[in-house]
Amino acid sequence: MELARNVLSQVLHESGKKTNFIFIAGCSCCGKTTLANNLVSEIKSLNKQAIVVQEDSYFKNIKDVKRNYKGYFCLDDFEAFHLDEMKQDLKNLINSGKMDYPKYDICSNTRVGRRILIKKEIIIVEGLHVLEVFKNFEGFKIYMDTSPTLCLERRTERDMKLLNVSKNQVQDLFVSEIYPSFKQCIEPQKRLAELIVENNEKLILTKGRQANENERIL
């Protein structure tokens, strides 16, 4: 919670307390979801409301995801997600005050329905690629710069418990698919961040990428 408190302080200071969107990106198991949920609690303590929109909810059904050379599904690639649908849903949320938000089951890797999400004062969008996907949306952008070793430890613990797979399977998946995708698709987003969180503790302010005014969505 202390990290979320410090991050929110920086967000409000740098944005002049006017931001409606906070975007959080980073490697698998870097701490995106934990930070997003803790930010909701910190925002609530300021008598404001926030919601979280997760890129993971926009995964394609597993049958529509390509495999790599070792047969693992390429779930960390841009192509594994319905990103155009996600962008349109966020636009609907902005314009109409609500969106039809998909539900995704990580155990079966399939979409299992939808629910209505109502707009709040602050919208937190978190996921592997959200800084790139929403680079032309106005909002505060955060990159979670967590060491791959720590991400692997967390991913191993999570998948062994949730998916009942072996430690060797998770590590092989990480080395052959997750880490290469991270280097190619996820880490380059660091250049777009206004705030970098190193290993879930150190905060580094950056200039980030400032989109031209005619590129702004909000």
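A few notes on this one:
To keep it simple, each residue is scored yes or no on (1) of a type in the set (A, V, I, L, M, F, W, C); (2) under 17 Å from residue 121 (Cα atoms); (3) in contact (Cβ under 8 Å) with a residue 12 or more places away in the chain; (4) in contact with a strand residue (DSSP E or B) (Cβ under 6 Å, 6 or more places away or on another chain).
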| residue | (1), (2), (3), (4) |
| --- | --- |
| 21 | yes, yes, yes, yes |
| 41 | no, yes, yes, no |
| 44 | no, yes, no, no |
| 48 | no, yes, yes, no |
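- All conditions in (1) open to solvent by 40 Å² or more (accessible area, probe 1.4 Å); (2) among the aromatic types (Phe, Trp, Tyr); (3) within 16 Å of the chain's Cα centre (by Cα) hold for residue 72, with the sole exception of (3).
- If only residues of the stretch 6-44 that are modelled with pLDDT of 95 or more and open to solvent by 50 Å² or more (accessible area, probe 1.4 Å) are counted, the one that is farthest from residue 191 (Cα to Cα) is 44.
- Wholly within the stretch 104-216, strands (runs of 3 or more DSSP E) carrying at least 1 residues that are on the phi > 0 side of the Ramachandran plot and loosely packed, with under 14 Cβ neighbours inside 10 Å: 110-118
- Number of residues in the stretch 54-65 that are surrounded by fewer than 19 Cβ atoms within 10 Å (Cβ to Cβ) and either in contact with a Ser or Thr (Cβ under 9 Å, 6 or more places away or on another chain) or modelled with pLDDT under 95 (or both): the value is 4.
- Of the residues 79, 85, the single one that is open to solvent by 80 Å² or more (accessible area, probe 1.4 Å) and either in contact with a helix residue (DSSP H, G or I) (Cβ under 7 Å, 6 or more places away or on another chain) or outside any loop (DSSP other than H, G, I, E, B) (or both) is 79.
- Summed over the stretch 89-103, residues that are open to solvent by 30 Å² or more (accessible area, probe 1.4 Å) and over 12 Å from residue 58 (Cα atoms) total 6.
- Cβ-Cβ contacts under 6 Å between residues 6 or more apart (or on different chains), taken from a first residue in the stretch 97-116 that is more than 16 Å from residue 53 (Cα to Cα) to a second residue that is among the acidic types (Asp, Glu) and exposed (fewer than 13 other Cβ atoms within 10 Å of the Cβ), are listed as 112/105.
The values are calculated or read from the model by the stated rules, or taken from the named source; none is laboratory data. Being a predicted model, the structure only gives us computed values, none of them experimental. Methodologically, a virtual Cβ is constructed for each residue, glycine included, from the backbone with ideal geometry; neighbour enumeration extends over all protein chains shown. Ligands, DNA and RNA are excluded from the accessible area calculation, which covers all protein heavy atoms including side chains. Shrake-Rupley method; radii C 1.70, N 1.55, O 1.52, S 1.80 Å.
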